[in-house]
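The values are calculated or read from the model by the stated rules, or taken from the named source; none is laboratory data. Bear in mind that the values here come from a model prediction, so they are computed numbers and not experimental data. Every residue, glycine among them, receives a Cβ derived from its backbone with ideal geometry; neighbour counts consider all protein chains shown.
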Amino acid sequence: MSRAEDDLHAPAPSQDQLPAQTPEDLEDLALSDDYALNPRYAKMVMEAADRGDVVRLKELMEALHPADVADLMGFLTAEYREEVIPCLPPEAMPEILSELDDNIREEVLEHMPPAALARALGELESDDAADLVEDLEEDKRDAVLAAMSDVDRAAIESSLAYEEESAGRLMQREVLAAPQFWTVSQTIDHVRQTAEDLPELFFDVYVVDPSFKPIGAVPVSQLLKAPPEATLSSIMEAVTEIAVDMDQEEVAYIFDKYHLVSAPVTDAAGRLVGQITVDDVVGVIREESQEDILALAGVSDAGRDAGVLEIVRSRLPWLVLNLGTETLAVTSIALFQAEIARVVALAVLMPIVSSLGGNAGTQSLAVAVRALASRELNAANARRIISRELTVGLFNGLCLALVMGAATFAFYHNIRLAITVGLALIANVFTAALAGVLAPLILERVGRDPAVSSPIFVTFLTDFMGFFAVLALAAVILL
């Protein structure tokens, strides 16, 4: 049992034993040194729920940062969450909702009355509010939207009109724009006068022409340092515009490439319709990377509360497909049954050759998928990357062949068997390197997700080549 698990199962201190009762002390008690949620705190929450102590639950919830509340909700079962949800601090609900995992957030939304949910959504940025509304059932969505102000409702409906995972969904409609002839002093006065209508967090003032097309941007830091009489046109910088229908993965790539902290979003006519900030892009990068990692393993993110059947349904199809490819791979064994019967050692050595090839293929595949995702691998440098991976595969195969050949000779005292295994290992590792880089390239070219489909093909090729190379070389060299 890990230390965290030991802490979780350890008895929580009683009310009389608690060393701290103030919100500040409770907050210190809630977090470990690495800012992870203390398992003892989760135990305290569960015990308060078991006692039906609503006052204590509210006290424990109010002492936490909204992000820590969201973390805590992930550690609780659905039954405990049902007890805790009514005790969440109303003033922190907007931020708590935006921090929750998707599946838990849906559960929390179901337990919130439409009026309370409408108030919480009204305090969120338009992009975050649209994400939450999208998770609601149709009946409740209509009720919540009806309870919102006309301005907030129009902003959410406008965001939901854009395609999922597009810049239009990612952007927030609240934006600070000003004409190029305004002075620094006028702009700052405008910010103070319209503070309630501005985004909670913004980094740039977008300079627009009479048709509301962005022609530049003034970073807030530059605005504060510039002379009050300076015009925006004299201090503005060039901007990188994001098309409203651009895929969010492309947006993340642009932010990373040009080191952006914010960017204006424009419609088909080039008019400013919103902005995307770096905090939104960080979430996209995290989501995309998690998807790629899970896809390489042939699984999906079932969540902490997923049931057994749900997880089985997400994983079993890939295992069945892998069963089919492995069945094809072992057909090479059936072609050389006589050779195996005459040299039993081949049955012992084949799995080693196949396994080493599989590991080498996984290495090349991981590098290739990451390079494709980060736009480091394309048609311009594909030949060089393939050549490099083949050279690496050949060198690794030679090194492994020397080690494996020496071990085989030491164990079986048969030089021809050692040569057979060594050559088979070189062939399989070389094939693995080739498959690991070519499979994702080809799959992307035909419009398939390389992270999802590549592992099956690479596993099939390395297993087939591992078995076939050992047996075919044995038929030539040993028999």
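Here are a few things to note about the model shown:
- Scanning the stretch 50-80 for residues that are in a helix (DSSP H, G or I), crowded, with 20+ Cβ neighbours inside 10 Å and more than 25 Å from the chain's Cα centre (by Cα) yields L57, L60, M61.
- Scanning the stretch 248-278 for residues that are of a type in the set (D, E, K, R) and farther than 15 Å from R169 by Cβ yields D256, K257, R271.
- Scanning the stretch 138-174 for residues that are of a type in the set (A, V, I, L, M, F, W, C) and outside any helix (DSSP H, G or I), we see that the one that is surrounded by the most Cβ atoms within 10 Å (Cβ to Cβ) is M171.
- V184 vs. criteria aliphatic (A, V, I, L, M), surrounded by 18 or more Cβ atoms within 10 Å (Cβ to Cβ) and out of contact with any strand residue (DSSP E or B) (no Cβ under 7 Å at 6 or more places or on another chain): yes
- Which numbered condition D101 fails, given (1) of a type outside the set (F, W, Y); (2) surrounded by fewer than 19 Cβ atoms within 10 Å (Cβ to Cβ); (3) farther than 30 Å from A230 by Cβ; (4) free of Cβ contacts under 8 Å to residues at least 40 places away in the same chain: (4)
Table: residues versus (1) assigned by TED's automatic domain parsing to the domain that holds V261; (2) at pLDDT 70 or above; (3) surrounded by fewer than 14 Cβ atoms within 10 Å (Cβ to Cβ); (4) in a helix (DSSP H, G or I).
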| position | (1), (2), (3), (4) |
| --- | --- |
| R313 | no, yes, yes, yes |
| P317 | no, yes, yes, yes |
| V320 | no, yes, yes, yes |
| L349 | no, yes, no, yes |
| A371 | no, yes, no, yes |
| R375 | no, yes, yes, no |
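- In summary, T391 fulfils each of the numbered conditions (1) at pLDDT 90 or above; (2) surrounded by fewer than 13 Cβ atoms within 10 Å (Cβ to Cβ); (3) under 29 Å from E249 (Cα atoms) with the single exception of condition (3).
- Sole residue being under 12 Å from L97 (Cα atoms), among the small types (G, A, S) and not assigned by TED's automatic domain parsing to the domain that holds D267, chosen from A116, A129, A143: A129
- Helices (runs of 4 or more DSSP H) contained in the stretch 213-296 and holding at least 2 residues over 29 Å from A366 (Cβ atoms), of a type in the set (S, T, N, Q) and without any contact (Cβ under 8 Å) to a residue 60 or more places away in the chain: 220-225, 232-235
- Among the conditions (1) surrounded by 18 or more Cβ atoms within 10 Å (Cβ to Cβ); (2) closer than 23 Å to R370 by Cα; (3) of a type outside the set (A, V, I, L, M, F, W, C); (4) at pLDDT 65 or above, the only one that G298 does not satisfy is (4).
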